[in-house]
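The values are calculated or read from the model by the stated rules, or taken from the named source; none is laboratory data. As the structure is a computational prediction, the values presented were derived from the model and not from experiment. Cβ atoms come from the backbone with ideal geometry, glycine included; neighbour counts cover every protein chain shown. The accessibility values were calculated without ligands, DNA or RNA, using every heavy atom of the protein model including side chains. Shrake-Rupley method; radii C 1.70, N 1.55, O 1.52, S 1.80 Å.
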Amino acid sequence: MPDHAEDEAKYYDDPEWADIEPIQQADQGPNPLAAIAYTDEYAEAMAYLRTVMARDEKSERVLRLTKDVIEMNPAHYTVWLYRAQVLFATHADLHKELEWLNETASQYQKNYQIWHHRQLIVSRLCPDPASSAATRGPPFPGAGIDVDSLVAKETSFVASMFDKDAKNYHVWSYRQWLVRHFGLWDKGELEFTEASIEKDVRNNSAWNHRWYVVNGKEGSEGVKEEKVREREIAFTKRQIRLAPQNQSPWNYLRGILRKANLRFSTVQDFCIEFADLSKPEGDDVFSSHALDLLADIYAVDEGRNEQAKRCLLLLKDKYDPIRANYWQYRLEMLDKEMGSGIDSHLPEHETRNLTSAVSV
Amino acid sequence: MAISKAEDAMLEPQLDKIRHVKYWTRCIKTLLPHQYTSNDSNRMYLAFFIVSALDLLDALDAASNEEERQGYINWVYRCQHPDGGFRMWPGTDLGARSNPENAQWDPANIPATYFALSILLILKDDFKRVNYEATLAWLPKMQRPDGSFGETLVNGRVEGGQDPRFGYCATGIRFMLRGSSTGDLSVNGRTIPDVDLDAFVRCVRVAEAYEGGIADAPFHEPHAGYTFCSLGALAFIGRLSTKGSIDETPPTAPCDPGAVVSWLVHRQTELTDPDAGVDSEFTAPQDMDDVRELENGKTSGAQHDGTVPAHQDPVGTTAISIFDLLVDGAGMNGRINKVADTCYGFWSGASLHIMQQPKLYDQEAIRRYLIGKTQHPVLGGHGKFPGDLPDLLHSYLGLAALSLAGCGEIKAVDARMCLSKDACARLPAIWQSFTAGR
């Protein structure tokens, strides 16, 4: 629990700090830029911080001081690193540190340093989960850490952060690190993405995490494996039917086909479900993304360039006018290829060997 | 901004230039309020916004005299680190008590160095006091084996995320000091190695996502800010691929420029209200019901069935009408299905300029969004979302985005460097002076 009395302590009047001669901020001259009206509290804490850093002091009182500074300026680019060093040097209770981080995380949700610090603490508590994995369960002699309990606490904390902001970039990145570090690939991550997507089918971060869980494990084939691919394609199609104008699953579908080296035309009929241009009574379009994919499908086939053009024109004039300039550009590219007779508008994976190290 | 007649809706809203100049003049003349304390370690970045904004508005000379400008230059040099590079602010300087043991707590900082040099450039400094040799020697030490750059060097370790922002700033520093030259440099008899350009290209490539944008690390979600930084960095080092095929001698990126461009143009969105219940671009009446029911814990027939398409009437597909679009404009977001935010007008817009496709996005729509929706009508500057109070970052990027989108009241901006073309044009003379000095 935050100790308010300590937060307000004036270091200058505190006998515990009597040995310190604080270092005032270096003179900035008569015309400093972006000068801030510091509170006395902040100016004082920073002066004391500089002094203990100058001595490279590693003591408990430094933990209280760094906490104080962090709460006023969490983006200070060395204080977190200094605090970590002091935590380890003083053998501080790292579980307590995680609890404090839990409390402060909601304030500093978008701060990179807080997540990096968390990663350092968790790595220190459990540097090699693989070796501990053999004896999972209650703390075993010599280990001092119950891996399963730590993982449960971390994933639960991450889930609670998502309740506040389901798209927090740092939290998703941290979750990816948890998966990799603790080998959680088959431990409910796929189900977690499904639940997140069910909560909000438009949460692109959840889709991205699913891609990672399916394809990110070193040595795994991901969607190149037929069973996996079929499951993922079925899942994606289901989600598209719920909200056809949601771009996330359409990109996911394209990603699967590219990685598995399948032609986009394999989903042609599916696209037509949402963009049927064959009806005499008029176009039946529920999704501009379906039209976009159809344009790519038809463009591959010289005989169907006119159909590709039609899709692009509909996007430009009717179904996605905000991107009219872009659809016009696509039309011009198509014309160029039609004129030259060269079918160079194939989707990238259909024309080129991916020799570069692209993790798709 | 009341629209009384239909014709008024068609008139483009005007930039309130005077109010913006007032906003930035206040920033340069007075202390920033104490609420900026949490940004104390970003002061060089904030200073860049202030100086560059006044430059873009052609108001630097009006807002400051020669003596003051020299004072600003001196402040920047006060932040220069003895071993090369610059600090973000004087706060880590241990002064007389600095020694080799505590040096790790007062490191030079990569973004600080980039913004410090940018400020000097804008203020027409000749760079003669820049520790050119030490700064260039420091850069390769800031690069990791995987090609990425860090923020600081602490106790021999490259710290900071594996993040294209640092790659952007590091390559930007390199660009300002040595232009397009490559390979080892001979300076005062000392050989200074170049950074590993091939490795940097590789680290961008592996962060290209399945959806087409670029992230900060492999498998992370692509993001317009990271995409801008990656593309800008590639442009700085001459390794940017804007056409269909990629090169291997030397290696370029991105691997699929078409996919990146498509991803970028899709950042433009009519969705402007962060408080709207539905975070999506198209919203049909049925769609809204589905989501509301979800929130109530119920599910619609379409979901249970799974095979019945959620029918969207194309006429009622957009939540707002074309009329609204003409009035409100359309900003840009940073990721799929997120709401528009002023700053992405720059990150996403400038990225398209760097990819040499400046016309592919709707420039008029974004001007309407930035001027009509996020420009603050009383204080000047820009907020993040419509109705927000202005802050330095959004106010600056709002101006930069407007300039790129064709607003004639603001100086032309160099899309890579995010400052005026005027300032950028001074670089060749600086490169010359460094070469001559060696």
- Message: Ranking request for peptides A:284-290, A:261-267, A:74-80: highest mean number of other beta-carbon atoms within 10 Å first, then the rest in descending order.
- Response: A:284-290, A:74-80, A:261-267
- Message: What whole-number distance in Å separates the alpha-carbon centres of region B:115-180 and region B:242-258?
- Response: 25
- Any residue on another chain or 5+ positions along whose placed amide H is under 5 Å from the amide H of B:ASP16 is listed here as none
- Query: What pairs from A:LYS279/A:LYS318; B:LYS29/B:LYS411; B:LYS128/B:LYS384; A:LYS316/B:LYS421 go past 29 Å between their alpha carbons?
  - Reply: B:LYS128/B:LYS384; A:LYS316/B:LYS421
- Report the relative contact order of region A:91-184, percent, no decimals, based on alpha-carbon pairs under 8 angstrom and at least 6 residues apart. 30
- Query: In the neighborhood of B:PHE236, defined by Cβ-to-Cβ distances under 10 Å, what is the net charge if each Lys or Arg adds +1 and each Asp or Glu adds -1?
  - Reply: +3
- Query: Can you pull the mean other chain C-beta count within 10 Å for peptide B:364-370?
  - Reply: 0
- At what distance in angstrom do the alpha carbon centres of region B:338-416 and region A:35-70 lie from each other? 38
- Message: Rounding to the nearest 10 and keeping the result within 0 to 90°, find how far the Cα-based axis of helix A:226-242 lies from the longest principal axis of chain A.
- Response: 90
- Farthest towards the positive end of the dipole of region A:1-85, among A:VAL69, A:MET46, A:ALA84 and with Cβ unit charges of +1 on Lys and Arg and -1 on Asp and Glu, lies the Cα of A:ALA84
- For chain A, what's the relative contact order in percent, using C-alpha pairs closer than 8 Å and at least 6 residues apart? 7
- In whole Å, what is the distance between the alpha-carbon centres of region A:194-255 and region A:278-343? 25
- Query: Using a 1.4 Å probe, how large is the accessible area of B:LYS141, given in Å² and rounded to the nearest 10?
  - Reply: 120
- Place the peptides B:336-343, A:251-258 in order of packing, highest mean first, counting for every residue the other Cβ atoms within 10 Å and averaging per peptide. B:336-343, A:251-258
- Item | Cα centre as origin, Lys/Arg/Asp/Glu Cβ charges: the protein assembly as shown dipole, Debye | 1740
- Accessible area in the full protein assembly, largest first, 1.4 Å probe, for A:TYR112, B:TYR23: A:TYR112, B:TYR23
- For peptide B:82-89, the mean count of other chain Cβ atoms within 10 Å per residue Cβ is 2
- Beta carbons within 10 angstrom, averaged per residue: use that to sort the peptides B:371-381, B:200-210, highest first. B:200-210, B:371-381
- Peptide B:35-44 - average C-beta neighbours from other chains (10 Å radius): 6
- If you place +1 on the Cβ of every Lys and Arg and -1 on the Cβ of every Asp and Glu, how big does the dipole about the Cα centre of region A:91-184 come out, in debye to the nearest 20? 300
- Residue order for A:LYS96, B:LYS411 - accessible surface, 1.4 angstrom probe, largest first: A:LYS96, B:LYS411
- Quick tally, 1.4 Å probe accessible area for A:TYR38, A:TYR319, sorted with the most first, runs A:TYR38, A:TYR319
- What value, in deg cm²/dmol to 500, does the helix sum -39500 (n - 2.57) over DSSP H runs of n ≥ 4 give at 222 nm once divided by the residues of chain A? -17500 deg cm²/dmol
- Query: How big is the accessible area of A:ASP128 in square angstrom, nearest 10, if you roll a 1.4 angstrom probe over the protein chains?
  - Reply: 80
- Query: Most fluctuating residue of A:VAL179, A:VAL122, A:VAL228 in a GNM of chain A with Cα springs under 10 Å: which is it?
  - Reply: A:VAL228
- Query: Counting only the heavy atoms of the protein chains, how much of B:GLU248 is accessible to a 1.4 Å probe, in Å² to the nearest 10?
  - Reply: 90
